[in-house]
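*Asks:* Please read through the structure below; I'll follow up with questions.
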Amino acid sequence: MFKKEQNLNNLNEVETIIGESVQVKGNFESNGNIIVNGILDGEIKTKGAILVGDKAKINANIKAEEMAVKGKVIGNLKINGYLSIGGSAGVLGDIECSQISIEKGAEINGNIVVNEKNNKNDNKISKKETETEEDAILKNE
Amino acid sequence: MNIFVYDAYLDKYKKTIRIIEESLNKLNLQGKILYLKNIKNLKEAITNEIGSGAKTIISVGNDKTAISIINILANISENIPMAIIPIGSNNYIAESIGVPNEKEACYILSSRRIEKIKLIEANDLLFINNFFIKNKGTIANIDNSYQLSPQKDGSIFVYNLPPKKILFESIKINPQDNILNLCIETKPNSKTHLPIKSIEIINEKEKGILDNFTEIKTPIRIKASEKSISLIVGKERAF
């Protein structure tokens, strides 16, 4: 979990950066990772991760693969994977994700659903890989 | 045959020109010289040379010289490669394509490493490098889906070629990926980067500038053009 959080807070491959002094209005779609430090009103969809900086103000429903929130978000969050909510964050809206961490001091007002469907899939994959290794050993014997 | 187009301001660089010509002779890259100061219609002159078998057009000058040749080559049916020998200042295109100075330019011309670069449309004009406008009062409508407005003074650039100054460590600008790069810098130190396909720029007071030379009034619609140019590039190019 800690490693995931570190990765989210230091996105190496960023496609989009919205700076502090910029306001965006409308439907924002992306295929890569996004860092938001400015103001965004509308809707955000990405196949990558979103990092919301501590000075950001977002008024939007958000769909993403992973997300780290340090600023203010008004809107529903639908995150396929891991969601990290920092101590300075404020979220007003419903949250759906498969893993979550909430730091002391965070303000959340909404329903939180942590759906472990993705985790189960991860388990299935690792079990399958183990079986393959065992098969290989048996074959060698 | 090589056709060298010498800009009119090169009279101030006689010594540099002599050194370049010696290098070109050593590399067996001689050709015909067109002096811009003696030519009334460059398009006609270049088209005639291509008709007579010119294989490469070489811009000897700065960005302004290169842009005038790019606009001609982009609008003819033949695919004739172009090279740049940068002289003096305002040579940002040469820098981006890995041509650092006039001496290296001769070796790069000799190596003949050709890359096709898409040009960008701004209303009915073409540009290759970048578009610039001041932030103040600018509204940008992007990809027909969202609007962006800077809240503080600064500058807006749309890059096709990567600038020498690295804006973001993690972002690579590539003029061959059909993606434009919108970069906004606001004071004191806020930066925005968005990969976009098209943009409409509106500003009632400020004009935009294409490739550091050509002024253009808003509203301006910017998108990748179907037209492209084959450039002879250096190994040290930024893409």
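*Asks:* For segment B:65-96, what are the residues that are over 24 Å from B:A45 (Cβ atoms) and open to solvent by less than 20 Å² (accessible area, probe 1.4 Å)?
*Replies:* B:S96
*Asks:* Every residue in segment B:1-55 that is polar (S, T, N, Q) and touching a Ser or Thr at 6+ places or on another chain (Cβ under 6 Å), please.
*Replies:* Hit for segment B:1-55 is B:N2, nothing else.
*Asks:* If you don't mind, there's one more thing I want to ask. If a residue must be in a strand (DSSP E or B) and within 26 Å of B:K164 (Cα to Cα), how many such residues does segment B:127-148 contain?
*Replies:* Within segment B:127-148, residues that are in a strand (DSSP E or B) and within 26 Å of B:K164 (Cα to Cα) number 9.
*Asks:* So which residues in segment B:158-185 are within 29 Å of B:I72 (Cα to Cα), surrounded by fewer than 19 Cβ atoms within 10 Å (Cβ to Cβ) and either outside the structural domain of B:E206 (by TED's automatic domain parsing) or touching a strand residue (DSSP E or B) at 6+ places or on another chain (Cβ under 8 Å) (or both)?
*Replies:* Within segment B:158-185, B:P163, B:Q176, B:N178, B:I179 meet the criteria.
*Asks:* Please give the strands (runs of 3 or more DSSP E) falling wholly within segment A:35-89 in which 1 or more residues are more than 17 Å from B:H193 (Cα to Cα) and among the hydroxyl-bearing types (S, T, Y).
*Replies:* A:82-85
*Asks:* Applying the selection to segment B:35-56, what residues are more than 12 Å from B:I76 (Cβ to Cβ) and either part of a loop (DSSP other than H, G, I, E, B) or touching a residue at least 40 places away in the same chain (Cβ under 8 Å) (or both)?
*Replies:* B:I39, B:K40, B:N41, B:S52, B:G53, B:K55, B:T56
*Asks:* While we're here: Can you tell me which residues in segment B:87-126 are outside any helix (DSSP H, G or I) and over 19 Å from B:L210 (Cα atoms)?
*Replies:* B:I87, B:G88, B:G98, B:V99, B:P100, B:N101, B:R112, B:R113, B:I114, B:E115, B:K116
*Asks:* On to the next question. Take A:G71 and tell me if it is crowded, with 17+ Cβ neighbours inside 10 Å, more than 10 Å from chain B (Cβ to nearest Cβ), within 22 Å of B:P150 (Cβ to Cβ) and in contact with a Lys or Arg (Cβ under 9 Å, 6 or more places away or on another chain).
*Replies:* Yes, satisfied.
*Asks:* Also, I was wondering about something else. Of all the residues that make up segment B:98-113, how many are surrounded by fewer than 21 Cβ atoms within 10 Å (Cβ to Cβ), more than 16 Å from B:G31 (Cα to Cα) and not small (G, A, S)?
*Replies:* Of the residues in segment B:98-113, 5 are surrounded by fewer than 21 Cβ atoms within 10 Å (Cβ to Cβ), more than 16 Å from B:G31 (Cα to Cα) and not small (G, A, S).
*Asks:* Can you find, within segment A:14-36, the residue that is nearest to the other protein chains (Cβ to nearest Cβ) among those that are open to solvent by 10 Å² or more (accessible area, probe 1.4 Å), touching a residue at least 24 places away in the same chain (Cβ under 8 Å) and more than 15 Å from B:D143 (Cβ to Cβ)?
*Replies:* Checking each candidate, the answer is A:E20.
*Asks:* Does at least one position in segment B:208-223 carry a residue that is closer than 25 Å to B:P81 by Cα, hydroxyl-bearing (S, T, Y) and touching a Cys at 6+ places or on another chain (Cβ under 8 Å)?
*Replies:* Scanning segment B:208-223, I find no residue that is closer than 25 Å to B:P81 by Cα, hydroxyl-bearing (S, T, Y) and touching a Cys at 6+ places or on another chain (Cβ under 8 Å), so the answer is no.
*Asks:* Do we find a residue being at positive phi and in contact (Cβ under 8 Å) with a residue 40 or more places away in the chain anywhere in segment B:109-116?
*Replies:* yes
*Asks:* Given the options B:N212, B:N203, name the one that is more than 21 Å from the chain's Cα centre (by Cα) and away from chain A (no Cβ under 13 Å).
*Replies:* B:N203
*Asks:* I'd like the residue in segment B:134-162 that is more than 9 Å from chain A (Cβ to nearest Cβ) and of a type in the set (K, R) and, out of all such residues, is farthest from the chain's Cα centre (by Cα).
*Replies:* B:K136
*Asks:* For segment B:123-132: of the residues being of a type in the set (A, V, I, L, M, F, W, C) and crowded, with 22+ Cβ neighbours inside 10 Å, which is nearest to the chain's Cα centre (by Cα)?
*Replies:* B:I128
*Asks:* Look through B:S190, B:S228 and report the one residue that is among the small types (G, A, S) and within 14 Å of another protein chain (Cβ to nearest Cβ).
*Replies:* Only one candidate passes the filter, namely B:S190.
*Asks:* List pairs: first in segment B:66-88 and over 16 Å from B:I108 (Cα atoms), second of a type in the set (D, E, K, R), Cβ under 8 Å, 6+ apart or cross-chain?
*Replies:* Short answer, once both residue conditions are applied: B:I67/B:D211; B:I72/B:K43; B:A74/B:K227; B:N75/B:K227; B:I80/B:K55; B:G88/B:K12.
*Asks:* How about segment B:14-30: which of its residues are open to solvent by less than 70 Å² (accessible area, probe 1.4 Å) and in contact (Cβ under 8 Å) with a residue 12 or more places away in the chain?
*Replies:* Matches in segment B:14-30: B:T16, B:I17, B:I20, B:S23, B:L24, B:L27, B:L29.
The values are calculated or read from the model by the stated rules, or taken from the named source; none is laboratory data. Predicted model, so just to flag it, every value in this text is computed and none were measured. All Cβ positions, glycine included, derive from the backbone under ideal geometry; neighbour counts span all protein chains shown. Accessible surface areas use protein heavy atoms only, side chains included; no ligands, DNA or RNA. Shrake-Rupley method; radii C 1.70, N 1.55, O 1.52, S 1.80 Å.
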